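A.B. asks: If you scroll down you'll find the structure; I have some questions about it.
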Amino acid sequence: MSVYLRDIPLEDAKERLKQALEAAGLWGILSIEQISLDDGALGRVLAEPIWARISSPHYHAVAMDGFSVRAEDTVGAQPSTPVVLAYGNQAQYVDTGDPLPDEFNAVIPIENVESLDSGREPAKNPRSPKSIRIRESVTPWSHVRALGEDIVASQLVLPAGHVLRPVDLGAIAAAGHSKISVSGKPRVAILPTGSELVEIGSELKAGDIIEYNSLVLAAQVREWGGEPRRYDITPDQFDMIRKRVLEAALENDLVLVNAGSSAGSEDYSARVIEELGELLVHGIAVRPGHPVILGMIHAGKKTVPVIGVPGYPVSAALTGDIFVEPLLARWLGRQQLEHSIVKAKITRKVVSPGGDDEFMRVVVGNVNGKVLAAPISRGAGVITSLVRADGMVILPRGVQGLDAGQEVTVQLHRSSTAIEKTIFCIGSHDMTLDLLAQHLVGYDRRLSSANVGSLGGLIALKREEAHLAGSHLLDPADGMYNISYINQYLSGIRVKVYGFIDREQGLMVKRGNPKGIESLKDLAGPDIRFANRQRGAGTRVLLDYHLNLLGMSKDAIMGYNHEEFTHLGVAAAIASGRADCGLGIPAAAQSLDLDFIPLFQETYQLIIPVVHAESSLLEPLFSVLQDRHFKQDVLAMPGYDVKDMGKLIAEV
């Protein structure tokens, strides 16, 4: 038998396995399957992102039991001067969830209405009176869930690699999907070996060891998204172990051979792997868990990884954490599971072998505001030490111990404190941000964006509430974007300005352009209802700039104060009939089947404080900005140019 170096460093062992898997084409999602939402979708991993097919709600929905009205008919209603509305043409009874009748634009809750059979007498049937009396006016769209309030068609609902929760299933259904693409569950064979092992529930005699490692490993595999299969115990006979391993490899994607406590069982595993394929590693410098074996075997036309798992229960469970979970994460297309961490003071002196990475189990407590970590049993056979442990302290190779009171980092098993890997982007809305979020998933980052407008993004940077802001603020004095605003709002904060996209802006109108709108001048028409962006939005600044050039008054535009917070929000307002047109981008128009009238070309940039631009958190962001696949995805949407994407434009 060829013998690899025993007890090689953990990172070297991981690298050997990775290289072997890459060579075999097994370093990615193994398979994809289509399932329905009610067919065991909970806990599955999305293999493809979910983009909304429909808006939710897909109509203007009544949000309260009451009476639908026209808001303008309620003007002047006060406790001392009530307003009476005729039932039928001025008010109609509606239940929660009903479509809002076309002629009305608000709802008054039933408890705020006095139903009348005449001008003064209470109605016999409060749901169908002759008239109603109200003592408070309402604003347009009060107690109405407007089309797209929750989800707007075409938006990213969930990224690929997301593990589905119960609420996710509802969101996917609301977005118009009944089937989803998920990663196929990797099949994992678990083969317990050892002549001293007996089944759970057996009558025990001296020397018998209850075989429960396969139970723990199977539960780990199931929790991590795999499909485990526990095989019967195989005694310490080389030919039987060889036969069972080959059978398991033909039927599964991964084989775990759990050796008994004897050295002979471990040697059998290594010999079997070498005979059927390639032995990669025989022993890793990890405590507990020295006798881990890694290899690849050939079963028919398949190449299958095999992990020889130590027999001691703590070592077996940790081998699952260290090797099996990361491999299943890779095959499922999700991120590896991570423990929350906390800084703590060790309660007593600890001696550790300097040549091993040691996984030390601890219990954690808070005493007088001080977080403490107390080591517990270090025996590889003490399964209850894992049950009791609140977390794990990893002592790296070269560290021979800890002094009492020394600060350590604890990987928590019970706490909800998670390592944050989220990039916060606050500022102007653009649909490419959803694409950016999707691509960042592959770089172990999550993009969380809030659409508050370009100016709001700069203010968020000033308050240290964001890592970056998307902005397209045009300075009418020099025609430059963002620089003058940065000088005004971010004084004292060093920032870098990066190119992101150039994009078209224009008027979005209903398909066929029924109102014949051609330019901004048409917005002053008496029957043109406009949907605007919120104050501080770059699109609104752009609009005001061009209105000023044309000498047009804002007051001449019906709906100038009708504010939406995203381009998709404006598009939804037009598609639903709440507005006839609005300024936006062609991608938003395309998403809701609107026509687009191009007017302007503008620059959208990323404003990043230097402290964040030079941080490791944002490193993947710059990788994505240089990724040709990301640029191709952006260019696949209408109206975009990426010639300056990722370029440093200025440092202010």
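The values are calculated or read from the model by the stated rules, or taken from the named source; none is laboratory data. Fair warning: this is a prediction, and the values are worked out from it, not measured in the lab. All Cβ positions, even for glycine, are placed from backbone atoms using ideal geometry, and neighbour counts span all protein chains on display.
A.B. asks: Assess whether residue 568 counts as being modelled with pLDDT of 95 or more and either crowded, with 21+ Cβ neighbours inside 10 Å or closer than 27 Å to residue 149 by Cα (or both).
C.D. replies: no
A.B. asks: Further, regarding this structure: Name the single residue that is farthest from residue 209 (Cα to Cα) among those in region 222-245 being of a type in the set (A, V, I, L, M, F, W, C) and touching a strand residue (DSSP E or B) at 6+ places or on another chain (Cβ under 7 Å).
C.D. replies: 245
A.B. asks: Next question, about the same structure. Is one or more of the residues making up region 538-552 free of Cβ contacts under 8 Å to residues at least 40 places away in the same chain and outside any helix (DSSP H, G or I)?
C.D. replies: The answer is yes; a qualifying residue exists.
A.B. asks: Suppose we filter region 487-506 for residues that are of a type in the set (Lys, Arg) and surrounded by 18 or more Cβ atoms within 10 Å (Cβ to Cβ); how many remain?
C.D. replies: 2
A.B. asks: Pairs, please: C-beta under 7 Å, at least 6 apart or cross-chain, first residue free of Cβ contacts under 8 Å to residues at least 60 places away in the same chain and in region 569-583, second assigned to a helix (DSSP H, G or I)?
C.D. replies: Between residues of region 569-583 that are free of Cβ contacts under 8 Å to residues at least 60 places away in the same chain and residues that are assigned to a helix (DSSP H, G or I), the close pairs are 579/573.
A.B. asks: Which count do you get for residues in region 490-512 that are modelled with pLDDT of 95 or more and either of a type in the set (Ser, Thr, Tyr) or not assigned by TED's automatic domain parsing to the domain that holds residue 546 (or both)?
C.D. replies: Final tally of qualifying residues: 1.
A.B. asks: Name every residue in region 208-237 that is touching an Asp or Glu at 6+ places or on another chain (Cβ under 6 Å) and surrounded by fewer than 22 Cβ atoms within 10 Å (Cβ to Cβ), in order of residue number.
C.D. replies: Across region 208-237, the qualifying residues are 209, 233.
A.B. asks: Determine which single condition residue 202 fails, assuming it passes every other condition in (1) polar (S, T, N, Q); (2) in a helix (DSSP H, G or I); (3) more than 21 Å from residue 314 (Cβ to Cβ).
C.D. replies: It fails just one condition, (2).
A.B. asks: I need the full set of residues from region 606-628 which are assigned to a loop (DSSP other than H, G, I, E, B) and either at pLDDT below 95 or farther than 21 Å from residue 434 by Cα (or both), in order please.
C.D. replies: Once the filter is applied, which keeps residues that are assigned to a loop (DSSP other than H, G, I, E, B) and either at pLDDT below 95 or farther than 21 Å from residue 434 by Cα (or both), region 606-628 yields 614, 615.
A.B. asks: Please state which one of 72, 15 is assigned by TED's automatic domain parsing to the domain that holds residue 301 and not aliphatic (A, V, I, L, M).
C.D. replies: Within the list 72, 15, the selection yields 15.
A.B. asks: Test residue 626 against the stated conditions and say whether it is in contact (Cβ under 8 Å) with a residue 40 or more places away in the chain and either surrounded by fewer than 23 Cβ atoms within 10 Å (Cβ to Cβ) or under 30 Å from the mean Cα position of the chain (by Cα) (or both).
C.D. replies: no
A.B. asks: Tally time: how many residues in region 93-107 are buried (at least 17 other Cβ atoms within 10 Å of the Cβ) and either of a type in the set (A, V, I, L, M, F, W, C) or not in a loop (DSSP other than H, G, I, E, B) (or both)?
C.D. replies: Counting residues in region 93-107 that are buried (at least 17 other Cβ atoms within 10 Å of the Cβ) and either of a type in the set (A, V, I, L, M, F, W, C) or not in a loop (DSSP other than H, G, I, E, B) (or both) gives 6.
A.B. asks: How many residues does region 279-298 hold that are closer than 19 Å to residue 355 by Cα and touching a helix residue (DSSP H, G or I) at 6+ places or on another chain (Cβ under 7 Å)?
C.D. replies: Matching residues across region 279-298 total 10.
A.B. asks: May I ask you to say which residue of 641, 593 is touching a residue at least 60 places away in the same chain (Cβ under 8 Å) and under 24 Å from residue 485 (Cα atoms)?
C.D. replies: 641
A.B. asks: Please pick out the residue among 506, 512, 559 that is touching a residue at least 12 places away in the same chain (Cβ under 8 Å), within 17 Å of residue 428 (Cβ to Cβ) and not in a helix (DSSP H, G or I).
C.D. replies: Only one candidate qualifies: 506.
A.B. asks: Something else now. For region 429-451, give me each residue that is under 20 Å from residue 534 (Cβ atoms), aliphatic (A, V, I, L, M) and in a helix (DSSP H, G or I).
C.D. replies: 433
A.B. asks: Within region 23-40, can one find any residue that is part of a helix (DSSP H, G or I) and either surrounded by fewer than 17 Cβ atoms within 10 Å (Cβ to Cβ) or among the polar types (S, T, N, Q) (or both)?
C.D. replies: yes
A.B. asks: From the list 533, 578, which one is crowded, with 22+ Cβ neighbours inside 10 Å, under 26 Å from residue 71 (Cα atoms) and of a type in the set (Lys, Arg)?
C.D. replies: So the residue among 533, 578 that is crowded, with 22+ Cβ neighbours inside 10 Å, under 26 Å from residue 71 (Cα atoms) and of a type in the set (Lys, Arg) is 533.
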